[in-house]
1. Suppose the filter is farther than 20 Å from Ser233 by Cα, of a type in the set (A, V, I, L, M, F, W, C) and either touching a residue at least 40 places away in the same chain (Cβ under 8 Å) or touching a strand residue (DSSP E or B) at 6+ places or on another chain (Cβ under 8 Å) (or both); does Leu566 pass it?
2. Looking at Asp139, Asp160, Asp105, which is the one that is among the acidic types (Asp, Glu), surrounded by fewer than 17 Cβ atoms within 10 Å (Cβ to Cβ) and at pLDDT below 95?
3. I'm trying to understand the selection: among the residues of segment 480-500, which are out of contact with any Ser or Thr (no Cβ under 7 Å at 6 or more places or on another chain) and in a helix (DSSP H, G or I)?
4. How about segment 409-436: which of its residues are open to solvent by 30 Å² or more (accessible area, probe 1.4 Å) and over 24 Å from Ala363 (Cβ atoms)?
5. Can you tell me which residues in segment 308-326 are closer than 30 Å to Tyr223 by Cα and either free of Cβ contacts under 8 Å to residues at least 24 places away in the same chain or open to solvent by less than 10 Å² (accessible area, probe 1.4 Å) (or both)?
6. Please tell me if Gly65 is under 38 Å from the mean Cα position of the chain (by Cα), open to solvent by 10 Å² or more (accessible area, probe 1.4 Å) and on the phi > 0 side of the Ramachandran plot.
7. Restricting to segment 170-216, give me the number of residues that are within 18 Å of Leu131 (Cβ to Cβ) and among the acidic types (Asp, Glu).
8. If you check every pair at least six apart or on different chains, which have Cβ atoms under 6 Å apart with a residue in segment 668-691 that is modelled with pLDDT of 85 or more first and a residue that is open to solvent by less than 10 Å² (accessible area, probe 1.4 Å) and of a type in the set (Ser, Thr, Tyr) second?
Amino acid sequence: MLHFNRCQHLKKITQKCFSRIHVKTDKHAHRFLSRTFALAELRKSWYSTHSLVGDKNIILMGPPGAGKTTVGRIIGHKLGCCVIDVDDDILEKTWNMSVSEKLQDVGNEQFLEEEGKAVLNFSASGSVISLTGSNPMHDASMWHLKKNGIIVYLDVPLIDIIHRLELMKIGRIVGQNSGTSMKDLLKFRRQYYKKWYDARVVCESGASPEEVADKVLNAIKRYQDVDSETFISTRHVWPKDCEQKVSAKFFSEAVIEGLASDGGLFVPAKEFPKLSCGEWKSLVGATYIERAQILLERCIHPADIPAARLGEMIETAYGENFACSKIAPVRHLSGNQFILELFHGPTGSFKDLSLQLMPHIFAHCIPSSCNYMILVATSGDTGSAVLNGFSRLNKNKQRIAVVTFFPENGVSDFQKAQIINSQRENGWAVGVESDFDFCQTAIKRIFNDSDYTGFLTVEYGTILSSANSINWGRLLPQVVYHASAYLDLVSQGFISFGSPVDVCVPTGNFGNILAAVYAKMMGIPIRKFICASNQNRVLTDFIKTGHYDLRERKLAQTFSPSIDILKSSNLERHLYLMANKDGQLMTKLFYQLENQHHFQLEKVLVEKIQQDFVADWCSEGECLAAINSTYNSSGYILDPHTAVAKVVADRVQDKTCPVIISSTAHYSKFAPAIMQALKIKEINETSSSQLYLLGSYNALPPLHEALLERTKQQEKMEYQVCAADVNILKSHVEKLIQNQFM
């Protein structure tokens with residue numbers, strides 16, 4: 001009970017500190033201690049109910065034919081503990097007849113009840129228990145088992161299960177009626193398995209029982225080691241003394257805090273988890289939701305979000321909010337080029353892939369002691385996506401509010417209207433008379449102003465956080481769609497698993513392309529990352545030269561406003577990775593960028609980056625020409641950002657392997673530019689009539705229905721506009737906090 005006692009001790013200390021803070025004597029301490037106390041509360045129940053000491057059971061769950069009995073015996077032998085098979089050691093001894101005879105005697109429903117009663121009358125400790133395939137369908141008995149055990153789900157490919165059952169000559173299992181195929185029944189049962197497991201083992205096709213047993217033990221080890229997966233700042237300086245404590249955060253803390261206190265960005269302290277080739281192959285036939293759950297389970301420790309809860313969040317995020325059931329489908333464009341369509345979410349951009357999920361993650365992670373105000377800077381698409389995502393919350397919605405700052409004259413008219421009309425009771429839009437870079441820098445300065453943040457915490461009980469891709473909880477879900485795109489190419493027969501692909505991403509803040517880097521680290525064979533810039537080509541110049549230079553560089557407004565960015569925040573995460581986690585170098589480089597407006601990398605580091613990255617840029621004329629030529633040749637309309645990427649892919653990709661082009665937004669959001677590109681005369685129409693006119697061309701992809709409905713919205717919502725002054729932005733934030741929480 002060491003962990004529990006540690007948390008109890010921490011709670012007592014923080015309660016004493018809180019009593020002092022409430023009289024407003026130490027503002028800086030309050031901010032730190034409120035988060036410390038939040039962590040203690042967050043993890044207390046984990047330590048008290050999930051610590052594996054000697055008396056916990058290892059409970060193997062899975063469909064019939066998953067190999068639970070054999071794997072259980074191997075684990076029992078390795079650990080020197082008792083092995084219990086529910087079929088042989090409980091049910092048949094209780095009933096004095098075989099399980100098949102009992103099923104035939106009483107029928108499906110009665111069998112489940114009697115099976116559950118038998119398990120409820122059973123207890124064990126320190127054992128390996130192999131469940132029947134139908135145990136998870138009886139709630140009371142599963143709660144009984146879960147109280148004293150860790151449930152491990154053996155996730156075996158469906159085709160393997162069916163083959164094994166045929167070899168075992170099992171013709172009927174519980175719940176199977178005449179006319180129901182074995183495949184359909186096994187799919188139906190998955191909902192019960194997902195409800196109960198604590199850890200999942202993805203069983204590769206053809207894996208031996210010994211290999212599965214080893215994976216089970218590794219999964220349990222990870223499950224127990226609640227302090228093993230932490231996050232540090234990109235500006236963290238590793239201590240020379242290996243015994244010196246490293247300042248690290250858990251996933252839940254990194255999500256809540258958003259930005260590290262030293263101005264850096266949170267990254268995993270250890271390597272990204274990597275799936276084996278067999279595990280990836282098992283996901284080829286999976287749905288997007290299934291892929292997301294398995295990948296995110298590997299990246300989020302169950303101490304932060306239990307697997308079952310994470311699954312619920314993923315199904316809520318992607319279950320009904322996307323116009324396409326495939327969520328992020330891949331479409332063959334021409335030759336070796338494929339389009340990854342990331343615009344089927346409710347606001348029509350790739351930001352929905354994160355921001356339909358991230359609010360649920362955030363709401364789960366926050367403690368009950370404070371309110372949270374989320375500050376967001378948007379270059380066009382993030383604003384409406386974050387307001388939409390957080391407006392859908394059920395849990396903790398009353399304690400979470402959002403304000404999004406957008407450049408008043410730096411987004412398309414449609415994007416602006418969409419942001420403003422996405423305001424809800426817990427979310428507001430504020431136009432800023434400057435560009436995106438100012439909005440993003442201003443938010444970072446607000447976060448790093450400890451006097452201001454401490455004041456908000458003490459005066460209003462409110463903590464600031466972020467939902468831009470500087471927040472790890474926002475960036476992480478983007479890894480899924482890059483991995484899923486590759487798996488779709490395998491599924492559709494364009495490539496075999498292991499064949500390389502390139503990815504080309506229209507890039508501004510570097511988060512989308514960085515997510516592809518992380519997908520490669522997890523095992524997806526991406527050869528080259530192609531960074532596509534518009535005429536704000538600071539990233540292209542940097543990748544080619546290693547010189548990040550903002551001096552005398554002015555932001556240009558383009559047809560692709562979401563990448564009209566000069567200060568690329570997520571680049572810091574990639575440089576940290578390339579520089580072998582040299583936080584001191586990151587501090588130096590980004591201090592230079594902030595104060596001298598440029599920095600230069602050493603040649604060896606530039607060459608290391610160029611091993612994987614190539615970059616180029618696209619002019620405005622080339623962008624419009626690409627939209628026109630692509631429509632004329634294939635009947636497909638690219639949005640301006642995707643057109644930028646296609647121009648660059650055409651220019652730099654060597655056509656020796658497929659290239660996946662990220663289509664980051666639906667063309668409906670940029671109708672005037674599309675009409676100009678297609679040489680359509682009626683440009684000065686309303687947004688609604690523009691979209692209907694484009695729809696009459698019967699192009700691919702079809703019109704985005706949610707965006708079309710948005711143009712029909714007659715009532716224009718009010719919003720605030722403020723000058724480009726950080727202090728004015730602070731004042732707006734404080735007023736909104738007063739209105740929302742006081």
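The values are calculated or read from the model by the stated rules, or taken from the named source; none is laboratory data. What you see is a predicted model; the values in this text were computed from it and never measured. Glycine also receives a Cβ, built like all others from the backbone with ideal geometry; neighbour counts cover every protein chain displayed. What goes into the accessible areas is simple: the full protein's heavy atoms, side chains included, and nothing from ligands, DNA or RNA. Shrake-Rupley method; radii C 1.70, N 1.55, O 1.52, S 1.80 Å.
1. On the way: farther than 20 Å from Ser233 by Cα: yes; of a type in the set (A, V, I, L, M, F, W, C): yes; either touching a residue at least 40 places away in the same chain (Cβ under 8 Å) or touching a strand residue (DSSP E or B) at 6+ places or on another chain (Cβ under 8 Å) (or both): yes.
Against the criterion (farther than 20 Å from Ser233 by Cα, of a type in the set (A, V, I, L, M, F, W, C) and either touching a residue at least 40 places away in the same chain (Cβ under 8 Å) or touching a strand residue (DSSP E or B) at 6+ places or on another chain (Cβ under 8 Å) (or both)), Leu566 qualifies.
2. Asp105
3. Scanning segment 480-500 gives Val480, Tyr481, His482, Ala483, Ser484, Ala485, Tyr486, Leu487, Asp488, Leu489, Ser491.
4. Within segment 409-436, Asn409, Asp413, Lys416, Ala417, Glu433, Ser434, Asp435 qualify.
5. Restricting attention to segment 308-326, the residues satisfying the condition of being closer than 30 Å to Tyr223 by Cα are 308-319.
Those that are closer than 30 Å to Tyr223 by Cα and either free of Cβ contacts under 8 Å to residues at least 24 places away in the same chain or open to solvent by less than 10 Å² (accessible area, probe 1.4 Å) (or both): Leu310, Gly311, Glu312, Met313, Ile314, Ala317, Tyr318.
6. In short, yes.
7. Total satisfying the criteria: 1.
8. Ile674/Tyr667; Leu691/Ser668
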